Amino acid sequence: WRRTVEHVRERHARLDVLVNNAGVDLSGAIETVDFADWRRLMAVNVDGVFYCTRAALRYMEPRRYGRIINIASIAGISAMSAHSPHYSATKGAVVAFTRSVAYEVAGANVQVNAICPGGVMTPAFSHFLEQQSPEQLAVLQQILPLGRIGDPDEYAALATHLAAEDCYLVGTIINASGGTVI
């Protein structure tokens, strides 16, 4: 991560915004997850955020400017992912990390926030929906006050706002799930 961030800074002379958006999920009950699966989830979903953030802060703090946006999940702030408590644990860690780092670096004018999407209508999520029974889809529809899954462009607009120079949010965890409050 250090080399990647350094490459960006060398190419563009600075680093203003970092979006940590990598993540993996392994559906299934907790007893189905072995140690290797657990480590892989932690490595991608938590360790990646830690290492990339740390590398970016090396350049943002001395410049006294930066925006870091961590993509967590509604699963990190609710029981929405009861089928995958191990995934929820990793996204909950991202939420806690976001708040803590935000407090630590706010004085250097580095703003750290997190977006917690519900579903995002990507090809992978479309595939997930195709595998659900009509009953499961009906339950999903009931817990979505907007009645639909979020579009990637909607999440991009939210990230753009958090990255803006005039954004005043610090340590904010945004439930961007179409109103789902479970």
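The set of residues in region 103-128 being open to solvent by 40 Å² or more (accessible area, probe 1.4 Å), among the small types (G, A, S) and at pLDDT 95 or above consists of A106, G107.
Just for region 25-43: of the residues that are open to solvent by 50 Å² or more (accessible area, probe 1.4 Å) and not charged (D, E, K, R), which one is farthest from A93 (Cα to Cα)? Residue satisfying both the conditions and the ranking: T32. Counting only helices (runs of 4 or more DSSP H) that sit completely within region 1-110, those holding 3 or more residues that are within 25 Å of F128 (Cβ to Cβ) and touching a residue at least 24 places away in the same chain (Cβ under 8 Å) correspond to 35-42, 85-105. Residues in region 118-142 that are in contact with a helix residue (DSSP H, G or I) (Cβ under 9 Å, 6 or more places away or on another chain) and assigned to a loop (DSSP other than H, G, I, E, B) were compared, and the one that is farthest from I173 (Cα to Cα) is Q132.
Residues in region 143-182 that are part of a loop (DSSP other than H, G, I, E, B), open to solvent by 60 Å² or more (accessible area, probe 1.4 Å) and within 15 Å of A75 (Cβ to Cβ): V181, I182.
With respect to being touching a Leu at 6+ places or on another chain (Cβ under 7 Å) and either free of Cβ contacts under 8 Å to residues at least 60 places away in the same chain or open to solvent by 60 Å² or more (accessible area, probe 1.4 Å) (or both), Q131 falls outside the description.
The values are calculated or read from the model by the stated rules, or taken from the named source; none is laboratory data. Source: prediction; values computed, not measured. Note: ideal-geometry Cβ built from the backbone for every residue, glycine included; neighbour counts use all protein chains shown. Surface areas here come from the heavy atoms of the whole protein model, side chains and all, with no ligands, DNA or RNA. Shrake-Rupley method; radii C 1.70, N 1.55, O 1.52, S 1.80 Å.
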